[in-house]
Amino acid sequence: MNNFLTGRARSLGAGLRALLVLTLVTGVLYPLAVTGFAQLLFPGRANGSEVRADGRVVGSSLIGQSYTLPPKKGQETPEPDLRWFQGRPAAGLGTNSENTRYSLLLSGATNLAADSQVLAQRVRAAKAAVVRDNSVPGHPVSPADVPADAVTSSGSGLDPDISPQYARLQTYRVAARNHLPVTEVARLVQAHTDGRTLGFLGEPRVDVLELNIALRDLAARR
């Protein structure tokens, strides 16, 4: 009996020591090491890829934002503020219905098939709106000029980037709304166009938030 109890006590002690060691290594030392290396090597990404303007955080370069006018009375969907470059549609976003204490948006795709009539109608309506909103005197927009990312949402609905083609399509409208030369707005788009990652991954892209911050600064100087 004494040998049995002694063996049990030893096993229990070994288990407790293993628990303490593993808790220290995996629960304290490893997270601290990973956090330290991340802060040392990639501080911007480790802290959420924050975008700052005027000394404060205005968003993340990883999450798209909406640029809309204040909704009118009884209006469910606010209209886009055409002074700014617009991002991709966010058709996959839903409203939070579980925790109603907080006003949150849920990201996600529409999950509509390519032959869905609902999706086709959304794309047609979005294309018509892009053509209408971006056509300015002397520079009409053709439906054939509208790129796919201007009328479709991303898988998450939170894509922060648009294609250079869509950014250039908006240049004349943005310049007219802000009373800026088209050439200066076009230079902003060019300056904020990022190439493929490592030269071959993905597609060229434009971060809408960073582009609109530069646009605001340009308009303020003018």
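Assorted remarks:
- Separation of region 15-70 and region 150-181, taken as the distance between their Cα centroids, equals 30 angstrom.
- Counting only Cβ charges, +1 for Lys and Arg and -1 for Asp and Glu, the dipole size of the chain around its Cα centre is about 420 debye.
- Each peptide in 143-153, 42-52 receives the mean, over its residues, of other Cβ atoms within 10 Å, and ordering these scores from highest gives 143-153, 42-52.
- The gain in end-to-end length when the SER156 to GLN117 segment is fully stretched comes to 11.9 nm, 0.36 nm per residue minus the alpha carbon separation.
- Only helices enter this figure: runs of n ≥ 4 DSSP H residues, each worth -39500 (n - 2.57), summed and divided by the residues of the chain, yield -14000 deg cm²/dmol at 222 nm to the nearest 500.
- Computed over region 1-47, Kirkwood Rh from alpha-carbon pairs, angstrom: 13.1
- Around GLY64: net Lys/Arg minus Asp/Glu count, Cβ-Cβ under 10 Å: -2
- Classified by the C-alpha gyration tensor, region 64-221 has a rounded form. Its axis ratio a/c, with a ≥ b ≥ c, is below 1.5.
- Kyte-Doolittle at least -0.5, axis length at least 15 Å by Cα - qualifying DSSP helices, the chain: 2-24, 30-41, 117-134, 208-221
- Based on C-alpha pairs under 8 angstrom that are at least 6 apart in sequence, region 1-69 has a relative contact order of 13 percent.
- Relative packing of 127-140, 194-207, 14-27, which averages over residues the other C-beta atoms within 10 Å, highest first: 127-140, 194-207, 14-27
- Distance (nanometres) between label positions extended 7 Å along Cα→Cβ at ARG187 and LEU12: 7.8
- Considering only THR26, SER154, ALA125, the residue lying farthest towards the positive end of the dipole of the chain is THR26, judged by Cα position with unit charges set on Cβ.
- By average C-beta atoms within 10 angstrom, highest first, the peptides 162-174, 65-77: 162-174, 65-77
Coordinate-derived values only; no laboratory data. Computed from a predicted model, the values in this text were never measured in an experiment. Note: ideal-geometry Cβ built from the backbone for every residue, glycine included; neighbour counts use all protein chains shown.
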